[in-house]
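Peer 1: Structure incoming, see below.
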Amino acid sequence: MNTRKPTAAQRLLLAASLLSALVLISACSSTSKGVQYPSGVPVVEVNPDERGSVAGTGIESQDLVAVTDKMARSILGIPQIANAVTQPVIVLDPVVNDTRFAIQKDMFLDRIRISLNQKAAGKVTFLARDRMAALQREQQLKQTGQVTASADPNTVEFKGADYFLTGKLSSLSTRTSQGLSDYVMYSFQLINARTSAIVWEDMAEIKKQGLEDAAYR
């Protein structure tokens, strides 16, 4: 039998074919693995009460946690709450934001309310006044018989407030060629709804300095 050796050109063509096949197999293998993520710094989970590596001089999560925890403890200690015979009824009045930071200011009162509901063991009652439109609509549906009612729908049962809980965020900002500084004062009040007397107020102060500004949303 006459076995003819492949020529140099044939060997080169065979090698090129094998290389193309290997490239095709590698491409198919990489695409089958799903999305290819770029290399870089991975996301790091940080506790809300800790200052992270991405930070500025403004209002941040650790400030929110520290301030609202302090206010909740302070409210629980006043006689109007601690010694109340019946549960005081509280309505949240929106916080005033007089700082330069565009933040979700109502998070402060939300966190104070949640903390008190968790730790006060039935000492206070909060009213959902921010849901009044939905509550009134439900009452109208019951009054017209469109939905069932477990009690007389014509009887007004919406509770009135004993106290209003509100607050204000104020700040002083300084900027020079060497950096910037922000001082923020967090003040909160509990107001008697019948007499307008301020039965409790407390505050917290936080000042930060840095080399550059940060964007807050």
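Peer 1: If you take the beta carbon distance between Asn47 and Gln178 as r and set R0 to 35 Å, what does 1/(1 + (r/R0)^6) give as a FRET efficiency, to the nearest 0.05?
Peer 2: The pair Asn47/Gln178 has a calculated efficiency of 0.65.
Peer 1: Report in % the part of the accessible area of the stretch 142-217 that belongs to carbon and sulfur, leaving out ligands and nucleic acids; probe 1.4 Å.
Peer 2: 47
Peer 1: Which length gain, in nm to one decimal place, applies between Asn192 and Lys119 when the Cα-Cα distance is subtracted from 0.36 nm times their residue separation? Can you show the working numbers first?
Peer 2: Numbers: separation 73, 0.36 × 73 = 26.28 nm, distance 2.22 nm.
The Asn192-Lys119 span can extend by a further 24.1 nm.
Peer 1: So, R0 is 35 Å and r is the distance between the beta-carbons of Ala151 and Met107; what FRET efficiency does that work out to, to 0.05?
Peer 2: The formula returns an efficiency of 0.50 here.
Peer 1: What is the set of long-range amide H partners of Asn97 at a cut-off below 5 Å, with H atoms built 1.01 Å from backbone N?
Peer 2: Close amide H contacts, sequence-distant or interchain: Leu169.
Peer 1: Just how far, in whole angstrom, is the stretch 52-70 from the stretch 134-211 if you go by their alpha carbon centroids?
Peer 2: The stretch 134-211 and the stretch 52-70 have Cα centres spaced 20 Å from each other.
Peer 1: Give the long-range amide H neighbours of Asp202: residues separated by 5 or more places, or on another chain, with amide H under 5 Å away, using H modelled in the peptide plane at 1.01 Å from N.
Peer 2: Here the answer is Phe188, since their amide H atoms fall under 5 Å of that of Asp202.
Peer 1: Moving on to the next point. Using each residue's phi in the stretch 72-84, evaluate 6.51 cos²θ - 1.76 cosθ + 1.60 at θ = phi - 60° and report the 3J(HN,Hα) Karplus result to the nearest Hz, with x for Gly and Pro.
Peer 2: These are the phi-based 3J(HN,Hα) values: 4, 5, 5, 4, 4, x, 7, x, 4, 9, 5, 10, 5 Hz.
Peer 1: Here's another thing I want to ask about it. Only loop residues by DSSP count here, and only those with at most 12 other Cβ atoms within 10 Å; note down the GluC sites (Glu not before Pro) in the stretch 42-127 that meet that. Don't jump to the answer; show the numbers that get you there.
Peer 2: Numbers: sites: Glu45, Glu50, Glu60; in loops: Glu45, Glu50, Glu60.
When the GluC sites (Glu not before Pro) of the stretch 42-127 are filtered for loop state and at most 12 Cβ neighbours within 10 Å, Glu45, Glu50 remain.
Peer 1: So what is the accessible area of the stretch 90-217 per residue, in Å², with the probe set to 1.4 Å?
Peer 2: Here the residues of the stretch 90-217 average 65 Å² of exposed surface.
Peer 1: With a cut-off of 12 Å, note down the residues of the stretch 153-179 whose backbone N falls inside the zone around a label point 7 Å from the Cα of Leu211 toward its beta carbon.
Peer 2: 178-179
Peer 1: Output the pairs from Lys119/Lys208; Lys105/Lys207; Lys70/Lys208; Lys70/Lys207; Lys70/Lys159; Lys119/Lys142 with a Cα-Cα distance over 25 Å in this structure; if there are none, say none.
Peer 2: Distance filter (> 25 Å) returns Lys119/Lys208; Lys70/Lys159; Lys119/Lys142.
The values are calculated or read from the model by the stated rules, or taken from the named source; none is laboratory data. Keep in mind it's a predicted model, so treat the numbers as computed, not measured. Because the Cβ atoms are built from the backbone with ideal geometry, glycine has one as well, and the counts that use them run over all protein chains shown. With ligands, DNA and RNA removed, areas are computed over all heavy atoms of the protein, side chains included. Shrake-Rupley method; radii C 1.70, N 1.55, O 1.52, S 1.80 Å.
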